[in-house]
Structure formats: structure tokens, C-alpha cells
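Structure, as C-alpha cells:
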Amino acid sequence: MAYSYDPQNVFARILRGEIPNKTVLETEHTLAFHDIGPQAPIHVLVIPKGPYVNFDHFAAEASAEEIADFTRTAGEVCRIVGAAPGEAGGGYRTISNAGEAGVQEVPHYHMHILGGRVLGRMLQRHD
């Protein structure tokens, strides 16, 4: 599948330093920062620095180094913000939306890490 990346999306602009962010952790291949409209007491976005549209694009085309760095950074963010099980946050949820049906708002792959309270069920059943 061919992916069309928009280099003017908000996360690309954050990566270029055009829009400020409240950084939690930055590595060679990954940036993690607080969401500007948090949906839970802990709400951090983790994004790869490469131009990937969504998870399947990232999984198909990112290098092994990018994938390992992203995964390890996301895990470290859970610890840093106190969301890891056993920490004060007591646990977390990761979410990544893709495409129109997945309600993806920014066409740059990103993972939400949410925690700090009981989050409830992930989805409601719609028959």
C-alpha cells in the first residue's frame, strides 16, 4: 500500500520546532510529550520522528532501530509519568487511531498513553 504523508501536519511541525510542546522524553527516533487536551490525568503522546502515517505504515516501513526505540521509549514514558502498574497511577492504556473509521485526527503515527484514573471500558458494544 502507498502511504501519503503530509509534512504540514501538526506533529511534523512539532518535530521541526515550529510548535512548542511539553516534552516528557526525546530520543534519537522518538518524541513523547503531554497532550494539549488531556483526556485523563496522565495523557502523553509518543510519536516516531520519521514520516509515518499510522501504525501499519510504521510497522511495514520503519527500521528495526526506529521500532525498538519507539517501543522502549513508550515503556519508559509509562514509568516516568507514574502510570506503570505498581506506580501511583496503577496502570495505563495505549491507543493508536488509524484512518477515518479509527477517528485518526493527525496523519502522523502516534500512540496515546493514558492513565492516572480508572479508564472504564475501551469500547461500547454497538450491534
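Values computed for the structure shown
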read-out	value
Any chance His112 is closer than 19 Å to Leu15 by Cα and not in a loop (DSSP other than H, G, I, E, B)	yes
Complete set of residues in the range 44-102 that are β-branched (Val, Ile, Thr) and part of a strand (DSSP E or B)	Val44, Val46, Ile47, Thr94, Ile95
Every residue from the range 10-37 that is buried (at least 17 other Cβ atoms within 10 Å of the Cβ) and part of a loop (DSSP other than H, G, I, E, B)	Asn21, His29, Asp35
Only listed residue being surrounded by fewer than 19 Cβ atoms within 10 Å (Cβ to Cβ) and within 20 Å of Lys22 (Cβ to Cβ), chosen from Pro48, Pro41, Pro85	Pro41
Residue list for the range 96-113, filter: within 15 Å of Pro38 (Cα to Cα) and at pLDDT below 95	Glu105
Test set (1) more than 17 Å from Ile14 (Cα to Cα); (2) touching a Phe, Trp or Tyr at 6+ places or on another chain (Cβ under 8 Å) - Thr30 fails condition number	(1)
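The values are calculated or read from the model by the stated rules, or taken from the named source; none is laboratory data. Nothing here was measured: the structure is a model prediction, and the numbers come from that model. When we count neighbours, we look across all protein chains shown, and the Cβ atoms used for this are built from the backbone with ideal geometry, even at glycine.
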